[in-house]
Amino acid sequence: MEIPYTISTRPDTGLWNAKIGIWLFLASEVMLFGGLFSAYVFLRLDAQPGEWPHGLLNVPVGTMNTAILIMSSVTVVLAWAALKMRRYRAYWWYMLATIVCGIIFLFVKLYYEWPQKFEHYGLFIKSSALEKYEQYLGNNRRTEKGMEPRIEISGHLHNPEALKDPNIKEYEIGLDPVFVDPNNPANDRPHFLYVPPTDQIAKIEKEDVERIDSFGPWHSAYFASYFTITGLHGAHVLAGVLVFIYMWLPVSKKLYQRNPEHLANRVEVSGLFWHFVDLVWIFVFPLFYLL
Amino acid sequence: MNNPPDISQDPAEHEEYAHNVQKHVRGYLMVGALLLAFTAITVALSYVDFGALISSIFHVSVSPGQGAKTNIGVAMLVAMFKAGCVAAIFMHLAAEKRLIYRVLIFTGFFVFALFWLTFLAWYNPITR
């Protein structure tokens with residue numbers, strides 16, 4: 001039995017069925033991401049002074065990924081327009097471009113951005129010991145200026161064995177640039193370009209450290225929401241890429257030859273999903289990378 | 001921008017139809033360029049210290065916290081404009097059937113309710 005209203009519109013709704021289906025699905029997606037974004041707002045509003053980090057993500061890489069996702073949104077709508085104009089060859093190329101953009105986005109996230117975080121450590125200093133590390137934190141000046149205090153020293157951990165060995169009494173950490181020159185006003189706001197940890201090593205006594213964590217989801221509410229939202233978003237990108245690959249394979253040409261409008265409608269529906277994924281990223285990017 | 005109309009089965013009308021879709025293609029490219037430009041603007045604006053800017057223009061005292069909130073507000077305004085462009089042009093919501101608008105109105109209502117509940121939970125007068 002043939003599925004009804006895949007091409008022609010239903011008289012009562014004025015729409016073909018898949019279009020209503022995708023919009024109902026997107027409505028549920030709005031609620032899913034809405035829940036996560038409201039959790040983000042809740043956690044951020046309730047964060048204690050100094051607990052919501054800034055400038056820990058690589059802004060140029062995030063900007064590049066945003067641009068890639070926007071370009072893929074353009075290419076998918078061009079693929080759909082090409083089908084509407086019955087230009088299969090152009091459709092094929094635009095769809096390939098969309099798939100490549102999606103794969104680059106995922107590759108950057110999974111093989112560059114995320115792994116970098118797991119190798120970076122933050123040491124939360126006990127409030128009683130903050131004064132002892134003033135040379136790295138610069139809190140006296142920050143308090144004068146009415147700014148939030150720094151309660152964490154971060155960088156590259158040079159002696160990871162200290163994490164497990166109780167006989168090692170201090171952590172040796174290659175400082176992030178901000179902790180080398182904490183009173184420099186240029187370090188009050190995040191830098192655009194990523195600057196790796198310096199060679200200057202600070203020795204932090206274990207008894208002064210409340211906790212030490214890599215920049216994984218366990219580090220803070222910020223990274224927990226970052227990994228949850230970007231992880232779920234990445235899963236959506238992956239799903240979109242898989243659907244596009246299916247519609248790019250020769251099987252799509254058979255459908256095109258049989259009924260080009262049917263393929264155009266399929267591309268429109270999956271394109272709507274892809275635009276939604278792009279739309280979510282438009283909010284993720286400033287909330288996590290810039291603010 | 002309206003959606004391209006459904007394609008005609010009549011080959012004679014097809015050329016005119018293709019020309020019509022081609023006009024929409026130009027629009028899609030322009031919106032894509034606009035979104036890229038506004039991405040750059042979002043990044044640039046995030047490095048502007050709006051607290052210090054307001055303070056110097058209006059000669060009022062603005063705390064770093066208030067300045068940061070202004071930055072968040074500006075970034076969200078730009079993000080909403082970009083999201084509006086994607087929804088209206090790429091997702092064709094500028095000219096869509098009434099049923100889809102109805103679905104989205106319901107969605108908007110429930111999302112608003114969700115954020116309202118979040119606000120209530122945060123602004124809990126019992127624990128605060």
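Between A:206, A:132, A:164, find the one with the highest GNM mean-square fluctuation for chain A; connect C-alpha pairs within less than 10 Å. So, out of A:206, A:132, A:164, the one fluctuating most is A:164. For chain B, modelled as a Gaussian network with Cα springs under 10 Å, which listed residue fluctuates most, B:99, B:35, B:114? So, out of B:99, B:35, B:114, the one fluctuating most is B:114.
Calculated mean residue ellipticity, 222 nm, the protein assembly as shown: -20000 deg cm²/dmol, from DSSP H runs (n ≥ 4) at -39500 (n - 2.57) each, averaged per residue and rounded to 500.
Computed from the alpha carbon atoms alone, the convex hull of region B:11-96 holds 106 Å³ per residue. Relative contact order of region A:121-214, taken over Cα pairs closer than 8 Å and 6 or more residues apart, is 37 percent. Considering only B:51, B:27, B:65, the Gaussian network model of chain B with Cα springs below 10 Å gives its largest mean-square fluctuation to B:65.
Using alpha carbons only, how many angstrom separate the centre of region A:33-77 from the centre of region A:78-137? Between the Cα centres of region A:33-77 and region A:78-137 lies a distance of 10 Å. Close amide-amide hydrogen proximity is noted between residue A:170 and A:206, each under 5 Å apart and 5 or more residues distant or on a separate chain (H modeled in the peptide plane; Pro and chain starts excluded). Counting only other chain Cβ atoms within 10 Å of each residue's Cβ, the peptide A:280-290 averages 5. Pairs over the 27 Å Cα-Cα cut-off, from the set A:19/B:82; A:206/B:69; A:19/A:253; A:19/B:69; B:23/B:97: A:206/B:69; A:19/B:69. Partner shielding of B:90-101 amounts to 6, given as the average count of beta-carbon atoms from other chains within 10 Å of each residue beta-carbon. The distance linking region A:206-244 with region B:72-128 is 24 Å (Cα centroid to Cα centroid, whole angstrom). Taking only the C-alpha atoms of region A:102-201, Rg followed by Dmax gives 15.8, 48 Å.
Treating cross-link reach as a plain straight distance, find the lysines whose alpha-carbon is under 23 Å from the alpha-carbon of residue A:203, omitting any fewer than eight places away in the same chain. Reachable lysines: A:117, A:126, A:132, A:164, A:169. Of the DSSP H helices in chain A, those with a Cα length along their own long axis of 18 Å or more and a mean Kyte-Doolittle hydropathy reaching 1.0 comprise A:17-45, A:59-84, A:88-108, A:221-248.
Taking every alpha-carbon pair in the protein assembly as shown and binning the separations at 10 Å intervals from zero gives 4, 19, 27, 22, 15, 9, 4, 1, 0 percent.
Read-outs throughout are calculated quantities, based only on the coordinates presented, and are distinct from any laboratory measurement. Computed from a prediction, not measured in an experiment: that's the story for all the values here. Neighbour counts run over all protein chains shown; Cβ positions are idealised from the backbone, glycine included.
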